[in-house]
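Structure first, commentary second.
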Amino acid sequence: MADSKIFLSESEMPQAWYNIQPDLPAPLMPPLNPATGEPLVPEDLLPLFPMSLIEQEMGMERWVDIPDEVLRIYKLWRPSPLHRAFALEEELGTPARIYYKNESVSPAGSHKPNTAVAQAYYNKQDGVTRIATETGAGQWGSALALACSLFDIECQVYMVRISYDQKPYRRLMMETWGAQCLPSPSNQTEAGRRILARDPDSPGSLGLAISEAVEDAASREDTKYSLGSVLNHVLMHQTITGLEIKKQLAIAGDKLDVLCGCVGGGSNFAGFCFPFVKDKLDGQDIRFVGAEPRACPKLTRAQYRYDFGDNAQLTPLLKMHTLGHSFIPPPIHAGGLRYHGDAPLLSLLVDQKLVEARAYYQNEVFEAAVTFARTEGHLPAPETAHAIKCGIDEALRCKETGKEECIVIGYSGHGHFDLASYDAYLRGQLEDVDLPQETIDEAMKDVPDITWPR
Ligand SMILES: Cc1ncc(COP(=O)(O)O)c(C=O)c1O
């Protein structure tokens, strides 16, 4: 019988991140300066990011060496295992071979430290002493709190109110690593106060929390901003996962047919699949399927156009799939998937039909999570459960067609701090939210009418 887990030794860990930009099948539209409507120049981003990260954001080098200090910290949990899900295969009665790449083994419990550690490192090199950020589910906030504590940097986290209330243990984790965590909308910023004046009970959104963190960073000399998803350099840091999968599948003597991942801002999914995109462009028959909530369906129902990354229109304009920067998604439990837009790099691949997308209701997602927990043992984050649902659907398709495909699920994080959502599911109290078209149309009215090139 084949191995249940495929490990790499630390010396086999990839030593460089993969930058997909030189291999894109179509040009990536530039981010635009909202004040001038012109493409951003590096200096525009300096109030928010250190120059080294801005260079990575715009860089065209295919491979970027991972600094030794970052590799040393990665080794606290990397390389992460690739599991073969034998028990799940048996339960489903599928001829497919199902694998899952387990990013939940990081100290923060998800893929997010892959970029948090890199970003903290470059900020430290630049002399930055304080970083502000937002967090949805709390996974990103925990990851950055961890990374900042390892580099002795102060960390301020704006946590989306609904998650702040649902997940006190995430906040405690951040505080244990020395970060300060506030519920968003907060009274700390103009953007937060504006929303609170209109709706004191606002559940918040990632778009709003981003506005708060960006405002915080832009208004203080000692502070830079850090984003856990969407941006090109963040997606690049995550490619270490896909690069490891490539090596691990080779050890298993297998070849990828379908890769399933969940999509919030797109970073874990991009990390898993970007290293395989060139293979697809070169003619290999590989499918990439992104899974998102029906309550926040930016890949399946949104337009591909320029929009702000945040609620208060502080960020550059990015060409992406967007439900509108003023869209506040219904309060589903997968907090990390409640973002109105998607990474420009991933959006481009979806637009080019290289990546497929699919949307699910909460209850079917949790049903898949429970099936997974009762077979493979691991209890996934609600975000990750979308990827599992997608993987199970693909395996059931193989059962129908008799195809013996190789399916890899991106297991982006564990759900040990998400048990309240399991409680709601197990008691039949989870609502399935259908998003009316009028809600999307309403939010899209606020999206600026910009095309590039003009
Ligand atoms: C476990 C987990 N998976 C996925 C996501 C979605 O983010 P992204 O699409 O950037 O990977 C999050 C976001 O917080 C998360 O915590």
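Quick check: anything in region 171-181 within 20 Å of the chain's Cα centre (by Cα) and charged (D, E, K, R)?
yes
Residue by residue, here is whether (1) in contact with a Lys or Arg (Cβ under 6 Å, 6 or more places away or on another chain); (2) crowded, with 24+ Cβ neighbours inside 10 Å; (3) modelled with pLDDT of 95 or more holds:
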{"site": "HIS333", "(1), (2), (3)": "no, yes, no"}
{"site": "GLY336", "(1), (2), (3)": "no, yes, no"}
{"site": "TYR339", "(1), (2), (3)": "no, yes, no"}
{"site": "ASP342", "(1), (2), (3)": "yes, yes, yes"}
{"site": "LYS353", "(1), (2), (3)": "no, no, yes"}
{"site": "ARG358", "(1), (2), (3)": "no, no, yes"}
{"site": "THR375", "(1), (2), (3)": "no, no, yes"}
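Does GLY428 qualify as being among the small types (Gly, Ala, Ser) and either within 30 Å of GLY141 (Cβ to Cβ) or surrounded by 14 or more Cβ atoms within 10 Å (Cβ to Cβ) (or both)?
On the way: among the small types (Gly, Ala, Ser): yes; either within 30 Å of GLY141 (Cβ to Cβ) or surrounded by 14 or more Cβ atoms within 10 Å (Cβ to Cβ) (or both): no.
So GLY428 does not fit the description; no.
Could you tell me how many of the residues in region 14-65 are in a helix (DSSP H, G or I) and either surrounded by 15 or more Cβ atoms within 10 Å (Cβ to Cβ) or polar (S, T, N, Q) (or both)? Write out each step before concluding.
Looking only at region 14-65, we keep the residues that are in a helix (DSSP H, G or I), and these are 21-23, 42-45, 51-58.
So of that shortlist, the ones also either surrounded by 15 or more Cβ atoms within 10 Å (Cβ to Cβ) or polar (S, T, N, Q) (or both) come out as 21, 44-45, 52-58.
Going through region 14-65 one residue at a time, the tally reaches 10.
In region 116-141, how many residues are in a helix (DSSP H, G or I), over 17 Å from VAL214 (Cβ atoms) and either near the ligand (Cβ under 9 Å from one of its atoms) or free of Cβ contacts under 8 Å to residues at least 12 places away in the same chain (or both)? Give the steps one after another, and end with the answer.
The initial filter retains those residues of region 116-141 that are in a helix (DSSP H, G or I), namely 116-125, 139-141.
Still in the running and over 17 Å from VAL214 (Cβ atoms): 116-118, 120-122, 124-125, 139.
Now narrow it down to the ones that are either near the ligand (Cβ under 9 Å from one of its atoms) or free of Cβ contacts under 8 Å to residues at least 12 places away in the same chain (or both): 139.
Residues meeting the conditions: 1.
Which one of these does PRO113 not meet: (1) more than 16 Å from the ligand (Cβ to nearest atom); (2) without any contact (Cβ under 8 Å) to a residue 60 or more places away in the chain; (3) under 26 Å from PRO47 (Cα atoms)?
(1)
If you take the residues in region 326-364 that are closer than 20 Å to ARG287 by Cβ and either in a strand (DSSP E or B) or of a type in the set (D, E, K, R) (or both), which one is farthest from the ligand (Cβ to nearest atom)? Please lay out each step first, then the result.
First, the residues of region 326-364 that are closer than 20 Å to ARG287 by Cβ: 342-343, 345-360.
Right, trim to either in a strand (DSSP E or B) or of a type in the set (D, E, K, R) (or both) and you get 342, 351, 353, 356-360.
Working: ASP342: 8, ASP351: 17, LYS353: 20, GLU356: 16, ALA357: 12, ARG358: 14, ALA359: 14, TYR360: 14 Å.
The extreme case among them is LYS353.
Which ones in region 142-153 are in contact with a Lys or Arg (Cβ under 8 Å, 6 or more places away or on another chain) and in contact (Cβ under 8 Å) with a residue 60 or more places away in the chain?
ALA143, LEU144
Determine whether region 81-96 contains at least one residue that is over 30 Å from ARG397 (Cα atoms), modelled with pLDDT of 95 or more and more than 16 Å from the ligand (Cβ to nearest atom). Write out each step before concluding.
Quick first cut of region 81-96, residues over 30 Å from ARG397 (Cα atoms) only: none.
The answer is no, given that none of the residues of region 81-96 is over 30 Å from ARG397 (Cα atoms), modelled with pLDDT of 95 or more and more than 16 Å from the ligand (Cβ to nearest atom).
Could you grab me the full set of residues in region 370-387 that are outside any loop (DSSP other than H, G, I, E, B) and within 12 Å of the ligand (Cβ to nearest atom)? Step through it out loud before you land on a result.
We begin by selecting, within region 370-387, every residue outside any loop (DSSP other than H, G, I, E, B); these are 370-375, 380, 382-387.
Scanning region 370-387 gives PRO380, PRO382, GLU383, THR384, ALA385, HIS386, ALA387.
Go through (1) outside any strand (DSSP E or B); (2) within 13 Å of the ligand (Cβ to nearest atom); (3) over 17 Å from CYS406 (Cβ atoms) for PHE272 and report which single condition fails.
(3) is the only condition that PHE272 fails.
For region 388-425: of the residues being within 12 Å of GLN362 (Cα to Cα) and more than 16 Å from the ligand (Cβ to nearest atom), which is surrounded by the fewest Cβ atoms within 10 Å (Cβ to Cβ)?
Going residue by residue through region 388-425, those that are within 12 Å of GLN362 (Cα to Cα) are 389, 421-422, 424-425.
If we keep only those that are more than 16 Å from the ligand (Cβ to nearest atom) as well, we get 424-425.
On the way: ALA424: 17, TYR425: 20.
The selected residue is ALA424.
Which one is nearest to the ligand (Cβ to nearest atom) among residues in region 275-298 that are touching a residue at least 40 places away in the same chain (Cβ under 8 Å), in a loop (DSSP other than H, G, I, E, B) and not hydrophobic (A, V, I, L, M, F, W, C)? First the steps, then the outcome.
Start the filter on region 275-298 by keeping residues that are touching a residue at least 40 places away in the same chain (Cβ under 8 Å), which leaves 275, 277-278, 280-281, 287-298.
Filter again for in a loop (DSSP other than H, G, I, E, B), leaving 294-297.
Then drop every residue that is not not hydrophobic (A, V, I, L, M, F, W, C), which leaves 294, 297.
Values: ARG294: 16, PRO297: 14 Å.
The residue in question is PRO297.
Considering (1) at pLDDT below 95; (2) in contact with a Pro (Cβ under 6 Å, 6 or more places away or on another chain), say which one GLN166 fails and leave the rest.
GLN166 satisfies every listed condition except (2).
The values are calculated or read from the model by the stated rules, or taken from the named source; none is laboratory data. Treat the numbers as computed from the prediction; the structure is a model and nothing was measured. Quick reminder, even Gly has a Cβ in these numbers, built from the backbone with ideal geometry, and neighbours come from all protein chains shown.
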